[in-house]
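K.L.:
Sharing a structure below in structure tokens format, with a few things to ask.
The values are calculated or read from the model by the stated rules, or taken from the named source; none is laboratory data. Keep in mind that this is a model prediction, so the values were computed, not measured. So basically every Cβ, Gly included, is an ideal-geometry build from the backbone, and we count neighbours across all protein chains shown. What goes into the accessible areas is simple: the full protein's heavy atoms, side chains included, and nothing from ligands, DNA or RNA. Shrake-Rupley method; radii C 1.70, N 1.55, O 1.52, S 1.80 Å.
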Amino acid sequence: LFRVHANVEPPVTDEEIIGLIDVGTKAGVFEATEQDIIESVIALDLSAKMLELAAQRLKQERIDNVVLVRGTALELPLEDAAVDAVSNSGGLHLYPDVPLAIREMRRVLVPGGKVAGLTFRRAIPIARIERGLDRFAGVRGFDFDALGELFLKCGFSDFDWHGERLVGWYTARA
């Protein structure tokens, strides 16, 4: 929810967050844990190597409110309404079943909870490059209007896109 990536200003919140799941945590970008408003973080990644690197970083930075979990965004290992916030920075464009991943994020959020993520916007001028990225690396961009409709269809409200370039932040409410 609070990271700065690719010179895109993220949406910042001053709401108290008891629990947050960082879906696709990679090597552990845990700036959010330094915020006074987050009590605990579940850092989820499919890659054991990324979780190993995240564990090293947690130890180095003496962060003790993060639990590392190996798992997939398509089947989040949490009960319904388990967390106040979902961070999904840099993962949505990689999931093989985007609607399922969005439904899973909605399922684990408490009513009124917030999701925020970073992803690629579909760009008409580079459509050929984008098709190649999708074909060879599984990376796709999103039309932000269509992405907003998908979030609404999956039970979210207040979808918003922050950013005018290829990379931008999205937010939505459960």
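K.L.:
Among all the lysines, which ones have a C-alpha under 24 Å from LYS26's C-alpha, if same-chain residues fewer than 8 places away are not counted?
P.N.:
In chain and number order, the partners are LYS49, LYS59, LYS114.
K.L.:
Pairs of Cα atoms under 8 Å, at least six residues apart: use those to get the relative contact order of the stretch 56-128, whole percent. Write out the running numbers ahead of the final one.
P.N.:
Values: 75 pairs, mean separation 25.7, N = 73.
For the stretch 56-128, the relative contact order is 35 percent.
K.L.:
A follow-up question, please. Mind ranking 151-163, 90-102, 58-70 by how tightly packed they are, going by the mean number of other C-beta atoms within 10 angstrom, highest first?
P.N.:
90-102, 151-163, 58-70
K.L.:
Also: Got a number for the accessible area of ARG57? Probe 1.4 Å, square angstrom, nearest 10.
P.N.:
60 Å²
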